[in-house]
Amino acid sequence: MKKLLTLLAGSTLALYMQGCSDSGTSANNDNPFKASVYVFGSNRSDAGELRWIDEDGEVSEAKVSLYQDSRIFPIDGKIFVLEGLSIDNISVFDPSKNKVTAQIKLDDSSNPVDVVKANDDEVWVALQNAPKIVKVSVEKKKVINKIKTKDFIQGKAISPNVVDLEVTGDTLIALFQRMDENWGTPAPGLIALYTLDEGKLLDTIRLAKYNPQTMGFAKGKLYVGSIAGYSTEDNGIEVVDLAKKKSSVVVDGKKLGGGVFSMALNSDDGIAYVAVYEAWGTITLAQVNLSDKSIKKIKGISNIIGSLAYDSDAETLYIGNDDYFYSYKGDKVEKIENAAKDALQPYGIAILK
(Lines give C-alpha, C1' and ligand atoms only; values in the text may rest on other atoms or scores of the structure.)
Protein backbone atom coordinates (compact mmCIF):
# COMPACT_ATOMS: atom_id res chain seq x y z
CA MET A 1 0.00 0.00 0.00
CA LYS A 2 1.39 3.37 -1.02
CA LYS A 3 1.47 6.22 1.48
CA LEU A 4 -0.70 9.13 0.40
CA LEU A 5 1.62 11.92 1.36
CA THR A 6 4.93 10.47 0.22
CA LEU A 7 6.53 13.10 -1.99
CA LEU A 8 9.33 11.99 -4.27
CA ALA A 9 10.71 14.55 -6.71
CA GLY A 10 11.08 13.01 -10.16
CA SER A 11 8.93 10.02 -9.28
CA THR A 12 5.41 9.21 -10.37
CA LEU A 13 3.84 10.63 -7.21
CA ALA A 14 2.13 14.01 -7.17
CA LEU A 15 4.34 16.90 -6.09
CA TYR A 16 1.68 18.80 -4.20
CA MET A 17 3.96 20.69 -1.87
CA GLN A 18 5.67 22.45 -4.76
CA GLY A 19 2.35 23.92 -5.85
CA CYS A 20 1.12 24.76 -2.38
CA SER A 21 4.22 26.19 -0.75
CA ASP A 22 5.26 29.82 -0.41
CA SER A 23 8.09 29.42 -2.90
CA GLY A 24 8.50 31.44 -6.07
CA THR A 25 6.87 28.73 -8.17
CA SER A 26 3.82 28.26 -5.99
CA ALA A 27 0.19 28.99 -6.70
CA ASN A 28 0.46 31.85 -4.20
CA ASN A 29 2.03 34.03 -6.90
CA ASP A 30 -1.44 34.25 -8.45
CA ASN A 31 -5.03 34.32 -7.30
CA PRO A 32 -6.64 31.08 -8.48
CA PHE A 33 -9.82 31.74 -6.52
CA LYS A 34 -10.61 34.50 -9.04
CA ALA A 35 -10.41 32.08 -11.94
CA SER A 36 -13.28 30.19 -13.52
CA VAL A 37 -11.36 28.16 -16.11
CA TYR A 38 -8.75 25.64 -14.97
CA VAL A 39 -6.46 23.76 -17.31
CA PHE A 40 -4.41 20.66 -16.67
CA GLY A 41 -1.23 19.91 -18.59
CA SER A 42 0.87 16.76 -18.78
CA ASN A 43 4.16 15.62 -20.25
CA ARG A 44 2.54 12.18 -20.79
CA SER A 45 5.37 10.67 -18.75
CA ASP A 46 5.53 11.59 -15.06
CA ALA A 47 4.62 15.24 -14.55
CA GLY A 48 1.35 17.14 -14.59
CA GLU A 49 0.27 20.63 -13.56
CA LEU A 50 -2.85 22.60 -12.77
CA ARG A 51 -2.99 26.16 -14.10
CA TRP A 52 -5.85 28.60 -14.73
CA ILE A 53 -6.91 31.40 -17.05
CA ASP A 54 -5.82 34.52 -15.15
CA GLU A 55 -7.36 38.00 -15.10
CA ASP A 56 -5.35 38.93 -18.21
CA GLY A 57 -6.94 36.10 -20.16
CA GLU A 58 -3.71 34.10 -20.22
CA VAL A 59 -2.79 30.65 -18.95
CA SER A 60 -1.22 31.45 -15.57
CA GLU A 61 2.47 31.35 -14.85
CA ALA A 62 1.71 29.98 -11.38
CA LYS A 63 0.84 26.31 -11.11
CA VAL A 64 0.09 23.40 -8.80
CA SER A 65 2.18 20.34 -9.69
CA LEU A 66 0.42 16.99 -9.93
CA TYR A 67 0.85 13.49 -11.31
CA GLN A 68 0.81 13.32 -15.11
CA ASP A 69 -2.14 10.96 -15.51
CA SER A 70 -4.82 13.01 -13.80
CA ARG A 71 -8.31 14.19 -14.65
CA ILE A 72 -9.88 17.34 -13.20
CA PHE A 73 -13.54 17.94 -12.33
CA PRO A 74 -15.28 20.93 -10.69
CA ILE A 75 -17.66 20.27 -7.80
CA ASP A 76 -19.02 22.97 -5.47
CA GLY A 77 -16.24 25.46 -6.16
CA LYS A 78 -13.42 22.93 -5.75
CA ILE A 79 -11.30 20.95 -8.21
CA PHE A 80 -11.36 17.18 -7.76
CA VAL A 81 -8.20 15.66 -9.19
CA LEU A 82 -8.37 11.97 -10.08
CA GLU A 83 -4.98 10.32 -10.38
CA GLY A 84 -4.87 7.06 -12.28
CA LEU A 85 -2.56 4.32 -13.51
CA SER A 86 -0.61 3.24 -10.40
CA ILE A 87 -1.26 6.35 -8.27
CA ASP A 88 -5.01 6.01 -7.72
CA ASN A 89 -5.75 8.90 -5.38
CA ILE A 90 -8.42 11.56 -5.22
CA SER A 91 -7.13 14.99 -4.30
CA VAL A 92 -9.34 17.99 -3.60
CA PHE A 93 -7.89 21.41 -4.47
CA ASP A 94 -9.64 24.37 -2.85
CA PRO A 95 -8.86 27.57 -4.81
CA SER A 96 -10.12 29.79 -1.98
CA LYS A 97 -7.49 28.30 0.33
CA ASN A 98 -4.97 27.85 -2.45
CA LYS A 99 -4.10 24.30 -1.47
CA VAL A 100 -5.01 20.62 -1.58
CA THR A 101 -7.37 20.12 1.37
CA ALA A 102 -8.02 16.37 1.15
CA GLN A 103 -6.55 13.19 -0.32
CA ILE A 104 -8.31 9.83 -0.48
CA LYS A 105 -6.55 6.58 -1.35
CA LEU A 106 -8.22 4.20 -3.81
CA ASP A 107 -7.37 0.62 -4.73
CA ASP A 108 -4.09 0.22 -6.59
CA SER A 109 -4.44 0.37 -10.40
CA SER A 110 -8.19 1.04 -10.23
CA ASN A 111 -7.80 4.12 -12.49
CA PRO A 112 -10.49 6.64 -11.45
CA VAL A 113 -11.98 8.40 -14.49
CA ASP A 114 -14.97 10.46 -13.32
CA VAL A 115 -16.56 11.89 -10.18
CA VAL A 116 -20.00 13.35 -9.43
CA LYS A 117 -21.62 14.83 -6.35
CA ALA A 118 -23.79 12.55 -4.21
CA ASN A 119 -24.46 15.07 -1.41
CA ASP A 120 -22.64 17.91 0.37
CA ASP A 121 -19.89 15.61 1.69
CA GLU A 122 -19.90 12.55 -0.55
CA VAL A 123 -19.07 11.80 -4.18
CA TRP A 124 -19.39 8.80 -6.48
CA VAL A 125 -16.19 7.86 -8.31
CA ALA A 126 -16.02 5.74 -11.47
CA LEU A 127 -13.15 3.21 -11.55
CA GLN A 128 -12.35 2.10 -15.08
CA ASN A 129 -10.04 -0.79 -14.16
CA ALA A 130 -12.12 -2.24 -11.33
CA PRO A 131 -15.64 -3.77 -11.39
CA LYS A 132 -17.14 -1.17 -9.06
CA ILE A 133 -18.14 2.43 -8.57
CA VAL A 134 -17.20 3.77 -5.13
CA LYS A 135 -18.76 6.34 -2.85
CA VAL A 136 -16.25 8.53 -1.02
CA SER A 137 -16.66 10.75 2.01
CA VAL A 138 -14.45 13.81 1.61
CA GLU A 139 -14.67 14.63 5.32
CA LYS A 140 -13.76 11.11 6.43
CA LYS A 141 -11.26 10.74 3.56
CA LYS A 142 -12.28 7.17 2.77
CA VAL A 143 -14.51 4.94 0.67
CA ILE A 144 -17.82 4.34 2.45
CA ASN A 145 -19.88 2.42 -0.11
CA LYS A 146 -19.53 0.67 -3.47
CA ILE A 147 -21.59 -0.46 -6.43
CA LYS A 148 -20.58 -3.84 -7.85
CA THR A 149 -20.52 -3.84 -11.68
CA LYS A 150 -19.06 -7.28 -12.43
CA ASP A 151 -22.31 -8.48 -14.06
CA PHE A 152 -21.62 -6.15 -16.99
CA ILE A 153 -18.13 -7.53 -17.74
CA GLN A 154 -17.55 -8.89 -21.24
CA GLY A 155 -15.57 -12.11 -21.63
CA LYS A 156 -12.53 -12.30 -19.37
CA ALA A 157 -12.07 -8.55 -18.98
CA ILE A 158 -11.30 -7.22 -15.50
CA SER A 159 -14.10 -4.64 -15.58
CA PRO A 160 -16.98 -3.38 -17.75
CA ASN A 161 -14.98 -0.15 -18.33
CA VAL A 162 -17.12 2.57 -16.80
CA VAL A 163 -16.13 5.80 -18.52
CA ASP A 164 -18.57 8.51 -17.43
CA LEU A 165 -21.05 9.41 -14.66
CA GLU A 166 -24.00 11.81 -14.64
CA VAL A 167 -26.68 12.73 -12.11
CA THR A 168 -30.30 13.63 -12.73
CA GLY A 169 -32.51 14.22 -9.71
CA ASP A 170 -31.97 11.32 -7.30
CA THR A 171 -30.57 9.00 -10.00
CA LEU A 172 -26.94 8.16 -10.71
CA ILE A 173 -26.19 7.28 -14.35
CA ALA A 174 -23.15 5.19 -15.31
CA LEU A 175 -21.86 4.68 -18.85
CA PHE A 176 -20.04 1.43 -19.69
CA GLN A 177 -17.88 0.74 -22.74
CA ARG A 178 -18.05 -3.06 -22.24
CA MET A 179 -14.73 -4.00 -23.84
CA ASP A 180 -13.52 -7.58 -23.63
CA GLU A 181 -10.11 -8.85 -22.48
CA ASN A 182 -8.61 -8.00 -25.89
CA TRP A 183 -10.05 -4.46 -25.83
CA GLY A 184 -12.57 -5.37 -28.48
CA THR A 185 -16.21 -4.26 -28.30
CA PRO A 186 -18.37 -7.39 -28.63
CA ALA A 187 -21.46 -5.61 -27.29
CA PRO A 188 -22.91 -2.11 -27.64
CA GLY A 189 -22.38 0.38 -24.84
CA LEU A 190 -24.57 0.19 -21.76
CA ILE A 191 -26.14 2.66 -19.36
CA ALA A 192 -26.99 1.63 -15.79
CA LEU A 193 -29.28 3.63 -13.52
CA TYR A 194 -28.77 3.61 -9.74
CA THR A 195 -30.23 5.37 -6.73
CA LEU A 196 -28.03 8.35 -5.93
CA ASP A 197 -28.02 7.78 -2.18
CA GLU A 198 -27.27 4.06 -1.83
CA GLY A 199 -26.29 2.98 -5.35
CA LYS A 200 -29.11 0.45 -5.76
CA LEU A 201 -29.48 -0.75 -9.37
CA LEU A 202 -32.73 0.49 -10.92
CA ASP A 203 -32.44 -0.48 -14.57
CA THR A 204 -30.16 -0.76 -17.60
CA ILE A 205 -30.37 0.62 -21.14
CA ARG A 206 -28.59 -0.97 -24.10
CA LEU A 207 -27.12 1.66 -26.41
CA ALA A 208 -27.26 1.70 -30.20
CA LYS A 209 -23.53 2.29 -30.74
CA TYR A 210 -20.25 0.77 -29.53
CA ASN A 211 -17.45 1.97 -27.26
CA PRO A 212 -19.06 5.11 -25.79
CA GLN A 213 -16.71 7.85 -24.63
CA THR A 214 -18.88 10.52 -23.02
CA MET A 215 -22.41 11.59 -22.14
CA GLY A 216 -24.21 14.71 -20.99
CA PHE A 217 -27.52 16.54 -20.82
CA ALA A 218 -28.80 19.14 -23.27
CA LYS A 219 -32.31 20.60 -23.11
CA GLY A 220 -33.21 17.91 -20.58
CA LYS A 221 -32.21 14.99 -22.81
CA LEU A 222 -29.26 12.64 -22.30
CA TYR A 223 -26.83 12.36 -25.21
CA VAL A 224 -24.06 9.78 -25.61
CA GLY A 225 -21.07 9.97 -27.96
CA SER A 226 -19.36 6.76 -29.13
CA ILE A 227 -16.17 6.07 -31.03
CA ALA A 228 -16.59 2.30 -31.69
CA GLY A 229 -13.44 0.76 -33.20
CA TYR A 230 -12.11 4.13 -34.36
CA SER A 231 -12.35 3.27 -38.08
CA THR A 232 -15.82 1.70 -38.13
CA GLU A 233 -19.23 3.31 -38.53
CA ASP A 234 -20.70 1.81 -35.36
CA ASN A 235 -20.33 5.20 -33.70
CA GLY A 236 -21.86 8.67 -33.48
CA ILE A 237 -24.23 10.53 -31.16
CA GLU A 238 -27.41 9.02 -29.75
CA VAL A 239 -30.15 10.27 -27.45
CA VAL A 240 -31.34 8.17 -24.53
CA ASP A 241 -34.95 8.17 -23.39
CA LEU A 242 -34.59 7.39 -19.69
CA ALA A 243 -38.33 6.91 -19.19
CA LYS A 244 -38.83 4.48 -22.06
CA LYS A 245 -35.38 2.87 -21.54
CA LYS A 246 -34.55 3.25 -25.24
CA SER A 247 -31.79 4.89 -27.25
CA SER A 248 -31.86 6.18 -30.82
CA VAL A 249 -29.24 7.61 -33.16
CA VAL A 250 -29.12 11.38 -33.68
CA VAL A 251 -26.09 11.56 -35.97
CA ASP A 252 -24.11 8.50 -37.04
CA GLY A 253 -20.37 8.37 -37.62
CA LYS A 254 -20.75 8.40 -41.39
CA LYS A 255 -22.52 11.76 -41.35
CA LEU A 256 -20.30 13.10 -38.58
CA GLY A 257 -17.14 12.06 -40.42
CA GLY A 258 -15.82 9.76 -37.68
CA GLY A 259 -16.28 8.68 -34.08
CA VAL A 260 -16.79 10.85 -31.01
CA PHE A 261 -13.44 11.28 -29.28
CA SER A 262 -14.79 13.83 -26.79
CA MET A 263 -17.83 16.09 -26.50
CA ALA A 264 -18.92 19.26 -24.71
CA LEU A 265 -22.55 20.38 -24.55
CA ASN A 266 -24.17 23.78 -24.71
CA SER A 267 -27.16 22.52 -22.77
CA ASP A 268 -29.37 25.60 -23.12
CA ASP A 269 -29.12 25.77 -26.91
CA GLY A 270 -28.94 22.04 -27.60
CA ILE A 271 -25.55 22.20 -29.27
CA ALA A 272 -22.86 19.51 -29.09
CA TYR A 273 -19.23 20.41 -29.74
CA VAL A 274 -17.54 17.22 -30.86
CA ALA A 275 -13.91 16.22 -31.32
CA VAL A 276 -14.34 13.91 -34.31
CA TYR A 277 -11.83 11.08 -34.67
CA GLU A 278 -11.38 10.71 -38.44
CA ALA A 279 -8.04 8.87 -38.48
CA TRP A 280 -4.83 8.58 -36.50
CA GLY A 281 -3.52 12.13 -36.00
CA THR A 282 -6.70 13.68 -37.42
CA ILE A 283 -9.22 14.77 -34.79
CA THR A 284 -11.33 17.66 -36.06
CA LEU A 285 -13.92 19.88 -34.39
CA ALA A 286 -17.61 19.91 -35.30
CA GLN A 287 -20.66 21.75 -34.02
CA VAL A 288 -23.82 19.63 -34.03
CA ASN A 289 -27.32 21.00 -33.64
CA LEU A 290 -29.01 18.19 -31.73
CA SER A 291 -32.51 19.29 -32.76
CA ASP A 292 -32.21 19.55 -36.55
CA LYS A 293 -29.13 17.26 -36.74
CA SER A 294 -27.15 19.77 -38.79
CA ILE A 295 -23.35 19.70 -38.63
CA LYS A 296 -20.93 22.58 -38.94
CA LYS A 297 -17.20 21.94 -39.23
CA ILE A 298 -15.13 24.40 -37.19
CA LYS A 299 -11.93 25.43 -38.94
CA GLY A 300 -8.68 26.66 -37.47
CA ILE A 301 -7.87 23.83 -35.07
CA SER A 302 -7.07 20.13 -35.37
CA ASN A 303 -5.88 17.05 -33.48
CA ILE A 304 -8.01 17.81 -30.43
CA ILE A 305 -6.66 15.37 -27.87
CA GLY A 306 -6.64 17.64 -24.82
CA SER A 307 -10.31 17.91 -23.82
CA LEU A 308 -13.31 20.14 -24.51
CA ALA A 309 -15.30 22.23 -22.02
CA TYR A 310 -18.12 24.71 -22.56
CA ASP A 311 -18.53 27.74 -20.29
CA SER A 312 -22.23 28.66 -20.41
CA ASP A 313 -21.71 31.98 -18.59
CA ALA A 314 -19.08 33.17 -21.06
CA GLU A 315 -20.71 31.35 -24.01
CA THR A 316 -17.24 30.08 -24.86
CA LEU A 317 -15.88 26.68 -25.79
CA TYR A 318 -12.42 25.86 -24.45
CA ILE A 319 -10.33 23.43 -26.47
CA GLY A 320 -7.12 21.53 -25.85
CA ASN A 321 -5.24 20.06 -28.80
CA ASP A 322 -1.73 18.69 -29.26
CA ASP A 323 -0.40 22.25 -29.23
CA TYR A 324 -2.09 24.17 -26.42
CA PHE A 325 -5.36 25.69 -25.23
CA TYR A 326 -7.78 27.58 -27.46
CA SER A 327 -11.14 29.31 -27.18
CA TYR A 328 -14.04 29.34 -29.62
CA LYS A 329 -16.68 32.06 -29.51
CA GLY A 330 -18.62 33.85 -32.20
CA ASP A 331 -17.29 31.64 -34.99
CA LYS A 332 -13.71 32.54 -34.05
CA VAL A 333 -10.98 30.20 -32.83
CA GLU A 334 -8.24 31.93 -30.84
CA LYS A 335 -5.15 30.58 -29.12
CA ILE A 336 -5.03 31.51 -25.44
CA GLU A 337 -1.86 33.35 -24.56
CA ASN A 338 0.50 31.47 -22.29
CA ALA A 339 2.25 33.33 -19.48
CA ALA A 340 4.29 30.20 -18.67
CA LYS A 341 6.76 29.32 -21.41
CA ASP A 342 7.36 25.89 -19.90
CA ALA A 343 3.69 24.90 -19.57
CA LEU A 344 2.89 21.29 -20.43
CA GLN A 345 0.62 19.99 -23.16
CA PRO A 346 -3.18 20.01 -22.64
CA TYR A 347 -4.81 17.11 -20.88
CA GLY A 348 -7.97 18.50 -19.29
CA ILE A 349 -10.19 21.55 -18.73
CA ALA A 350 -12.62 22.33 -15.90
CA ILE A 351 -15.08 25.22 -15.65
CA LEU A 352 -15.49 26.33 -12.04
CA LYS A 353 -18.78 27.94 -11.00
Worksheet item: residue 96 to residue 291: extension gain in nm, 0.36 nm per residue of separation minus the Cα-Cα distance?
Response: 66.3 nm
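Calculate, for residue 245 and residue 119, the FRET efficiency according to 1/(1 + (r/R0)^6) with r their C-beta to C-beta distance and R0 35 Å; round to the nearest 0.05.
Working: r = 26 Å, r/R0 = 0.75.
After rounding to 0.05, the efficiency reads 0.85.
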Worksheet item: Taking N as the number of residues in the chain, what is its Cα Rg relative to 2.2 N^0.38 Å?
Response: 0.95
Worksheet item: Given springs between every Cα pair under 10 Å in a Gaussian network model of the chain, which of 203, 241, 313 has the largest fluctuation?
Response: 313
Fill in: Inter-site label distance for residue 183 and residue 156 at 7 Å from Cα along Cβ, in nm
1.8
Worksheet item: Can you list the HN-Hα couplings for the range 64-81, worked out from phi with the Karplus curve (6.51, -1.76, 1.60; θ = phi - 60°), rounded to whole Hz and with x for Gly and Pro?
Response: 10, 7, 9, 6, 5, 9, 10, 10, 10, 9, x, 9, 6, x, 10, 9, 8, 10
Response to the item:
Burial-style ranking of 56-69, 338-351, average other-beta-carbon count within 10 Å with highest first, yields 56-69, 338-351
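Test of understanding: what is the full-extension gain from residue 334 to residue 282, defined as 0.36 nm times their sequence separation minus their Cα-Cα distance?
Details: separation 52, 0.36 × 52 = 18.72 nm, distance 1.95 nm.
Gain on extension, residue 334 to residue 282, equals 16.8 nm.
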Worksheet, complete the sentence: Calc'd 3J(HN,Hα), the range 137-143, phi into Karplus 6.51 cos²θ - 1.76 cosθ + 1.60 (θ = phi - 60°), Hz, glycine/Pro = x, comes to 8, 5, 5, 7, 6, 7, 6
Worksheet item: Nearest 0.05, what FRET efficiency do residue 203 and residue 315 give at R0 = 25 Å with Cβ-Cβ as r?
Response: 0.10
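Roughly speaking, to the nearest percent, how much of the range 248-297's 1.4 Å accessible area is carbon and sulfur? Before the final figure, lay out the partial values.
Values: 1040 of 2130 Å².
Carbon and sulfur together cover 49 percent of it.
DSSP loop trypsin sites (Lys or Arg not before Pro) in the range 76-151 with at most 14 other Cβ atoms within 10 Å of their Cβ, which ones? Before the final figure, lay out the partial values.
Numbers: sites: 78, 97, 99, 105, 117, 132, 135, 140, 141, 142, 146, 148, 150; in loops: 97, 140, 141.
Within the range 76-151, the qualifying trypsin sites (Lys or Arg not before Pro) (loop, at most 14 other Cβ atoms within 10 Å) are 97, 140, 141.
As an exercise, use a Förster radius of 41 Å and the Cβ-Cβ distance of residue 168 and residue 342 to find the FRET efficiency, rounded to the nearest 0.05. Provide the component values of the computation, followed by the final result.
Working: r = 42 Å, r/R0 = 1.01.
Efficiency for this residue pair is about 0.50.
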Fill in: Where the chain is the region considered: accessible area per residue in Å², 1.4 Å probe
44
Item to complete: Using a cut-off of 10 Å between beta-carbons, work out the net charge of the residues near residue 340 (Lys and Arg +1, Asp and Glu -1, residue 340 not included).
Response: -1
Practice prompt. List the chymotrypsin sites (Phe, Trp or Tyr not before Pro) within the range 172-261 that fall in a DSSP loop (any state other than H, G, I, E or B) and whose Cβ has at most 12 other Cβ atoms within 10 Å.
Written response: 183
Worksheet item: Quick one: which of 209/255; 255/296; 132/246; 221/332; 245/293; 105/142 span more than 18 angstrom between C-alpha atoms?
Response: 132/246; 221/332; 245/293
Discussion item. Compute a Gaussian network model of the chain, connecting alpha carbons closer than 10 Å, and tell me which residue from 314, 286, 264 fluctuates the most.
Written reply: 314
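The values are calculated or read from the model by the stated rules, or taken from the named source; none is laboratory data. Just so it is clear, the model here is predicted, and its values are computed rather than measured. FYI the Cβ positions are ideal-geometry reconstructions off the backbone, even for glycines, and counts take in every protein chain you see. Ligands, DNA and RNA are stripped out before the accessible areas are found, and what is left, the full protein with its side chains, is counted by its heavy atoms. Shrake-Rupley method; radii C 1.70, N 1.55, O 1.52, S 1.80 Å.
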